[in-house]
Amino acid sequence: MVRSNSPNVYQAYNLHVLDYARASWQRLGHIKMLCSVANPSFRTNLEGITSRFRDLVTRPTQIPEEYRQQITNYLKRHRSNQYKIRDGELQDQLIELQDFFLSDPTLPAQSGALTGKLRPVSYLHTEYVEIPAWAVRLRLIRNGNYTLTDRGKALIALLPSDKEANIQLGLGNNPFILSNGEKVFFIYCILEADGDILKRLYSKLLLCSDEYSKTDVRNLLSESYKEMVDERIQHHRTIRSRIKNSKFINTIKVIDNQSDQMVFPRVEPMVDCGLITRSNPYTHVYKNVKGLSDFVSNLRDHTDILNFLETSLVGSMVDLLNLKYRNDPQSISKFLAKSYTQLRSGLGYCSIRELSLLTVAHALNETSTYFELHDIENLILSLASKYGTSIRFTKNRQGKIALVRIDRRLIEKMNA
């Protein structure tokens, strides 16, 4: 196991387990669409961000004739209650923007469209309001004011140069199709938020036969929570841990009550990212991809989730996705300079971890080279030693390095 020498850039969660999940947390493309309407500076409330997101997702879209048949096939399978289809023909001339994108038959999964537009209920009782809560837990937007974090800005930087291009009509800009860089980006976010339970769950899924259903996932997820609670009871006896354990016990009851709310967020985003696949695009039956065993083994070798994310995530994903990439830390500089230019604030500072994450993603998207997060963060420290005040840091409340500012002239030198 490789030990990271990266600066401890921020105080992360002590336990990497989602405290809340919803069945609507299926398609990562919805997260991309949400972040495209969030703002890094101007605050809003939950109703405001939900309204913007809903208006984008449900935007009435004219059906291009060349896509009519595939859209009709998709609607028959997944959205027959939403649209009028008579004698095999779609009666409506307009569809929601999300349905146009989800109709793409090349997607690893087409289910997961958000519903609620036609229901006579408030925004709080539709699925659209659940996506901001997901983005908050993935640290893409801030809770309370729903502005973009540096991580959210990094995701936007991975979209086409004009972020609005991501939501214009055309399957070439389909937000539900993830680039290799976006897959690594999202797996980082998901494991940071939920890695301690996913490590247990996927270790069990590897023991399944060729296929497994959502019922199988539900049962194994319940076992994973129970094991975690039993382990915590043995080793953690503080009042705070007992409160946490009681929440997990309640979660187990929800799972055992045949609820899919906790199940879909643990498998469907992994389908998008290529860790598992659907046996059938129309049913929730799954198969492990060939490289999943090695990925999970690497994850289990690290007792600390963050150490895996810093030192082994990218290489593990490269192997899992069978990418013909080579590890080349020497090529970091130009991608670091590009990413810093995209993330820097008005005062010139940005988060070191998000800067590293964006740098990794750009390299995966634009070349056949890769490097780990700790390679980038160690490079930043070595540049600071070499160039002195051309690189400045700020620390968080725990006294750990959190933000970095790089002088413009040094950026130009890195780009040369």
Which numbered condition residue 268 misses (of (1) at pLDDT 90 or above; (2) outside any helix (DSSP H, G or I); (3) over 22 Å from residue 302 (Cβ atoms)): (2)
Which pairs have Cβ atoms under 7 Å, sit 6 or more apart or on different chains, and link a residue in segment 242-253 that is modelled with pLDDT of 90 or more to one that is not hydroxyl-bearing (Ser, Thr, Tyr)? 252/226
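Every residue in segment 363-372 that is part of a helix (DSSP H, G or I) and more than 12 Å from residue 339 (Cβ to Cβ), please. Working first, answer last.
Filtering segment 363-372 down to residues part of a helix (DSSP H, G or I) leaves 363-366.
Hit for segment 363-372 is 364, nothing else.
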Being in contact with a Gly (Cβ under 7 Å, 6 or more places away or on another chain) and free of Cβ contacts under 8 Å to residues at least 40 places away in the same chain is the filter here; which residues of segment 304-330 pass it? 319, 322
Of the residues 216, 194, 260, only one is buried (at least 22 other Cβ atoms within 10 Å of the Cβ) and either acidic (Asp, Glu) or assigned by TED's automatic domain parsing to the domain that holds residue 36 (or both); which? 194
Check whether at least one residue in segment 233-240 is in the same structural domain as residue 191 (by TED's automatic domain parsing), under 23 Å from the mean Cα position of the chain (by Cα) and either of a type outside the set (Asp, Glu) or assigned to a helix (DSSP H, G or I) (or both), and report yes or no. no
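Answer yes if at least one residue in segment 158-180 is among the hydroxyl-bearing types (Ser, Thr, Tyr) and at pLDDT 95 or above, and no otherwise. If you could, list the steps in order and put the result at the bottom.
Step one: filter segment 158-180 for residues among the hydroxyl-bearing types (Ser, Thr, Tyr), giving 161, 179.
Still in the running and at pLDDT 95 or above: 179.
Yes: one or more hits.
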Test set (1) of a type in the set (Asp, Glu); (2) in contact with a strand residue (DSSP E or B) (Cβ under 6 Å, 6 or more places away or on another chain); (3) at pLDDT below 95 - residue 127 fails condition number: (2)
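The values are calculated or read from the model by the stated rules, or taken from the named source; none is laboratory data. It should be emphasised that the depicted structure is a prediction, and the values quoted were computed from it without experimental measurement. As a convention, Cβ positions derive from the backbone with ideal geometry for all residues, glycine included, and neighbour counts pool all protein chains shown.
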